[in-house]
1. So, in segment 149-177, exactly how many residues are in contact with a Phe, Trp or Tyr (Cβ under 9 Å, 6 or more places away or on another chain) and of a type outside the set (Gly, Ala, Ser)?
2. Pick from Leu177, Leu207, Leu186, Leu168: which is closer than 15 Å to Leu141 by Cβ and free of Cβ contacts under 8 Å to residues at least 40 places away in the same chain?
3. Tell me which residues, restricted to segment 23-50, are part of a helix (DSSP H, G or I), in contact (Cβ under 8 Å) with a residue 40 or more places away in the chain and farther than 21 Å from Arg85 by Cα.
4. Which residues, taken from segment 52-104, are surrounded by 19 or more Cβ atoms within 10 Å (Cβ to Cβ), out of contact with any helix residue (DSSP H, G or I) (no Cβ under 6 Å at 6 or more places or on another chain), aliphatic (A, V, I, L, M) and part of a loop (DSSP other than H, G, I, E, B)?
5. Hey, which of the strands (runs of 3 or more DSSP E) in segment 134-244, taking only ones fully inside, have at least 1 residues that are on the phi < 0 side of the Ramachandran plot and among the polar types (S, T, N, Q)?
6. Quick one: would you say Gly118 is part of a loop (DSSP other than H, G, I, E, B), at positive phi and either β-branched (Val, Ile, Thr) or surrounded by 15 or more Cβ atoms within 10 Å (Cβ to Cβ) (or both)?
7. Among residues belonging to segment 162-194 that are surrounded by fewer than 21 Cβ atoms within 10 Å (Cβ to Cβ) and within 19 Å of the chain's Cα centre (by Cα), point out the one that is modelled with the lowest pLDDT.
8. When segment 1-22 is examined, which residues are found to be touching a residue at least 40 places away in the same chain (Cβ under 8 Å) and among the hydroxyl-bearing types (Ser, Thr, Tyr)?
Amino acid sequence: MTRDPAFTLDDIKIEFQPGDSLLTAALANHRYIPHLCAHPDFSAHGSCRVCLVEVDGRNRPACTTAAQSGMTIRSNIEPLNAMRRQLLQLLFVEGNHFCPGCEQSGQCQLQATAYELGMADLHYPPLNPRRKLDASHPDLLLDRDRCIGCELCVKASSQVDQKHIFSLGGRGTGTQLVVNSEHNQLGETDMAADDRAAHVCPVGVILFKTGNYARVAGQRLYDQQPISAIGNHRAEDFDLPSTP
């Protein structure tokens with residue numbers, strides 16, 4: 001009987017299937033590698049860099065690196081975790097992420113990953129962007145100040161919903177979420193509350209206008225177990241507000 005190919009991740013044998021990335025294979029074997037922009041339903045592009053792992057002595061993004069038999073991978077080591085904390089700190093200060101009052105607190109992947117990696121402070125001065133809040137849609141609110149540039153809503157809208165509502169515009173810290181309409185407003189589009197794009201955001205950019213505090217603090221998804229135990233994408237179907 002032919003055995004599945006395998007690599008080692010932090011001295012643990014990880015079997016994989018042809019075509020798997022390092023991240024896909026690790027998660028399939030219940031081994032957590034921190035990540036934000038990767039999603040099992042969409043092609044990976046390695047933009048957040050949080051999933052960087054050491055592959056035979058060199059750092060590579062786990063979401064876009066193909067698994068190969070015999071690889072030696074290290075992930076849960078302090079040099080990488082320190083770099084991940086720094087990346088998270090930059091994401092926090094480049095947007096407005098005030099966790100205690102945020103509707104997504106306890107269900108936010110950015111917050112949960114910061115807890116997982118022991119991020120204790122922001123370290124850098126906040127940039128406090130003031131991008132325009134979009135409340136033009138009858139059911140949804142768009143808070144661009146929280147966007148981390150993962151492009152998951154862009155992919156969901158184009159690949160699943162077939163509506164091509166979102167894109168990213170600008171460069172560097174000026175990058176922001178763009179609505180592909182005449183006045184850059186969500187209310188001008190045919191986006192619906194049950195579109196996949198309305199449910200895939202890992203932070204709190206796309207929000208329902210009702211029901212956001214229905215589950216109290218302490219009873220939300222990542223209040224109960226860490227993201228390393230639950231995974232990144234349970235929040236998509238966890239206690240979502242009912243579709244109007």
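The values are calculated or read from the model by the stated rules, or taken from the named source; none is laboratory data. Just so it is clear, the structure is predicted and the values come from calculations on it, not from any experiment. Cβ placement follows ideal geometry from the backbone for every residue including glycine, while neighbour counts extend to all protein chains displayed.
1. 8
2. The match here is Leu177.
3. Across segment 23-50, the qualifying residues are Thr24, Ala25.
4. Within segment 52-104, Met71 is the sole residue that qualifies.
5. Fully inside segment 134-244 and qualifying: 166-169, 176-179.
6. no
7. Checked segment 162-194; the qualifying residue modelled with the lowest pLDDT is Thr173.
8. Within segment 1-22, Thr8, Ser21 qualify.
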